[in-house]
């Protein structure tokens with residue numbers, strides 16, 4: 001692994017830790033500390049996805065050869081400012097403004113990190129580098145909540161937000177170090193991006209992995225926004241245990257991606273994706289309708305397996321079908337589907353809550369995983 005590749009993994013790891021440290025308790029923080037209603041929780045959590053969806057593609061067009069690394073560092077600074085805003089917020093809608101800012105930072109950071117993972121290595125090493133990047137993200141997914149469990153014994157929810165701010169300062173230093181190494185970006189040709197180019201990227205075969213990712217992300221968006229609230233309201237679980245449950249969730253995600261990265265040359269995309277979507281559908285159904293906390297946790301952890309598999313598989317497929325010269329724009333389109341799914345998941349559940357219980361509303365999102373399962377046969381043909 002090259003030095004720039006290693007530093008990129010460090011940045012992606014700590015950047016993820018800074019947000020995932022607080023992610024499991026954000027719905028509870030908004031609901032209990034800032035006084036939002038259950039419906040408002042879903043709407044506010046979704047604001048990051050809205051902002052990210054609207055800024056990913058325009059920002060990727062602006063990333064030209066001379067400013068890609070500067071924009072990357074700018075995105076890291078936005079992450080710091082958003083987390084600081086979370087900690088200082090006094091009501092739900094002030095928090096919502098910083099949630100929007102955080103969404104913009106997601107659009108910049110995760111699009112560029114995913115793209116850089118495949119562009120700072122030789123083309124024949126792109127798939128391995130993407131899997132390594134995905135494993136670094138997954139490591140942050142579980143280290144963040146694990147650290148949150150430890151800190152929550154000593155800190156209030158608001159002080160936990162400040163802890164995330166401190167970690168984001170370390171991300172700024174690592175990002176600066178990464179850019180100082182001046183990673184060589186191979187095979188990038190930033191000519192003026194015309195509409196026909198975007199139209200080419202939006203052709204159906206190239207969109208299939210993104211559509212599958214979109215359907216899956218609706219389920220994940222709903223889980224992240226409402227599973228912590230269900231744990232609190234249905235089972236009266238304390239904050240520390242909520243974070244601990246999601247620490248286990250992201251640990252499973254990390255282990256799954258680590259195993260996948262070691263099988264990179266032997267991946268059967270159809271089998272892995274079918275297993276992933278089946279696990280997602282069964283898991284969210286079980287978590288939503290769980291009669292006790294143990295069934296709830298089992299369901300959550302089945303979804304975690306899907307979380308571990310779906311992103312690296314569909315990201316590698318996207319890198320396979322998008323040429324290097326268009327990869328940043330292609331990845332921004334691919335990740336915009338994730339944003340839209342994350343937006344719709346909480347909003348769909350919030351809408352259903354007007355007619356039924358939280359348990360049924362959460363379980364009903366399983367239909368999107370089933371739709372993804374039915375699509376897999378067409379998706380894997382793009383790898384042929």
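Taken together, the values in this text are just the output of simple stated rules run on the coordinates, not laboratory data. Nothing here was measured: the structure is a model prediction, and the numbers come from that model. FYI the Cβ positions are ideal-geometry reconstructions off the backbone, even for glycines, and counts take in every protein chain you see.
Over the chain, with a Gaussian network built from C-alpha contacts below 10 Å, which listed residue (338, 176, 294) shows the highest mean-square fluctuation?
294
From largest to smallest, what semi-axes in whole angstrom does region 55-161 give when each is the square root of 5 times an eigenvalue of its alpha carbon gyration tensor? Before the final figure, lay out the partial values.
Values: eigenvalues 174, 82, 16 Å².
Gyration-tensor ellipsoid for region 55-161: 29, 20, 9 Å.
Do the sum for the chain: with -39,500 (n - 2.57) for every DSSP H run of n ≥ 4, divided by all residues, what is the mean residue ellipticity at 222 nm, to the nearest 500 deg cm²/dmol?
Working: 14 runs with 302 residues, N = 384.
For the chain, the value works out to -27500 deg cm²/dmol.
Report the paramagnetic label zone for residue 91: residues of region 18-41 whose backbone N is under 12 Å from a point 7 Å from Cα along the Cα-to-Cβ axis.
35-36
Share of Cα-Cα pairs in region 236-342 beyond 23 Å, in percent?
Numbers: 2157 of 5671 pairs.
When all Cα pairs of region 236-342 are counted, 38 percent exceed 23 Å.
So what's the convex hull volume per residue for the Cα atoms of region 305-384, in Å³?
Working: hull volume 7.6 nm³, N = 80.
Once divided by residue count, the hull of region 305-384 is 95 Å³.
Pull out the extension gain between residue 378 and residue 259, defined as 0.36 nm times the separation in residues minus the alpha carbon to alpha carbon distance; nm, one decimal.
Details: separation 119, 0.36 × 119 = 42.84 nm, distance 2.53 nm.
Length difference between fully extended and current span is 40.3 nm.
Compute the Rg to Rh ratio over region 86-127 from the alpha carbon atoms, using the Kirkwood formula for Rh, and round to two decimal places. Could you put the intermediate results ahead of the total?
Details: Rg = 16.3 Å, Rh = 12.3 Å.
Using Cα coordinates only, the ratio equals 1.32.
Just to confirm the number: angle between the C-alpha axis of helix 327-352 and the first principal axis of the chain, 0 to 90 degrees, nearest 10?
Once rounded, one gets 20 degrees.
Consider all pairwise Cα distances in the chain and report the whole-number % of them above 35 Å.
Details: 13518 of 73536 pairs.
Taking all Cα-Cα pairs of the chain, the fraction more than 35 Å apart is 18 percent.
Give me the extension gain from residue 177 to residue 320: residue separation times 0.36 nm, minus the current Cα-Cα distance, reported in nm with one decimal. Before the final figure, lay out each step's value.
On the way: separation 143, 0.36 × 143 = 51.48 nm, distance 2.93 nm.
Result: 48.5 nm gained on full extension.
Compute the length gained on full extension between residue 155 and residue 6: take 0.36 nm times their separation in residues and subtract their Cα-Cα distance, giving the result in nm to one decimal. List each step's numbers first, then the result.
Numbers: separation 149, 0.36 × 149 = 53.64 nm, distance 3.23 nm.
Extra length available between residue 155 and residue 6 comes to 50.4 nm.
For a quick check, take a GNM of the chain with Cα springs below 10 Å and name the residue from 31, 249, 354 with the largest mean-square fluctuation.
354
Please check: in the Gaussian network model of the chain (C-alpha springs, under 10 Å), which one of 247, 179, 356 has the largest mean-square fluctuation.
356
What is the angle, in °, between the Cα long axis of helix 366-379 and the longest principal axis of the Cα atoms in the chain? Nearest 10 is fine, range 0 to 90.
20
In nm, to one decimal, how far is the modelled label at residue 298 from the one at residue 170, with both set 7 Å along Cα→Cβ?
It works out to 3.7 nm between the two label points.
Cα convex hull of region 249-310: mean projected area in nm², to one decimal? Before the final figure, lay out the partial values.
Working: hull surface 15.3 nm².
For region 249-310, the mean projected area of the Cα convex hull comes to 3.8 nm².
Can you compute the modelled spin-label distance between residue 274 and residue 235, with each label point 7 Å from Cα toward Cβ, in nm?
With each label placed 7 Å out from Cα toward Cβ, I get 3.1 nm.
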